[in-house]
Amino acid sequence: MELVYFTIIGGALYLISERILTRIETARGTRLPYRSLIFFVIIFSLSMVTFSGMRALTEPPPEPAPASDATR
């Protein structure tokens, strides 16, 4: 099931990255040189943030360490 989530989110990130890049180009008024590199930076940044968040939300919390009975 995780594979399905990653695939859907990857597709969404692609579309979001394309929209961001198009808006940057529209605001600038011309097509950017090195467009592919800029697209890569945008999608890479978004995917790192998104997948880190997914991992934090899906991993179970760590178990607390057992309490020490030794008191001195």
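I'm checking my understanding of the structure. Among residues of the range 21-72 that are closer than 26 Å to Tyr5 by Cβ and not in a helix (DSSP H, G or I), which one is modelled with the highest pLDDT?
Glu63
I'm trying to understand the selection: among the residues of the range 15-49, which are charged (D, E, K, R) and surrounded by 13 or more Cβ atoms within 10 Å (Cβ to Cβ)?
If the condition is that a residue be charged (D, E, K, R) and surrounded by 13 or more Cβ atoms within 10 Å (Cβ to Cβ), then Glu18, Glu25 are the ones that fit.
Regarding Val4, is this residue of a type in the set (A, V, I, L, M, F, W, C), exposed (fewer than 11 other Cβ atoms within 10 Å of the Cβ), in a helix (DSSP H, G or I) and without any contact (Cβ under 8 Å) to a residue 24 or more places away in the chain?
Criteria met by Val4.
The values are calculated or read from the model by the stated rules, or taken from the named source; none is laboratory data. Quick caveat, the model's predicted, so the values are computed rather than measured. Heads up, the Cβs are rebuilt from the backbone with ideal geometry, glycines too, and the neighbour counts pull from every protein chain shown.
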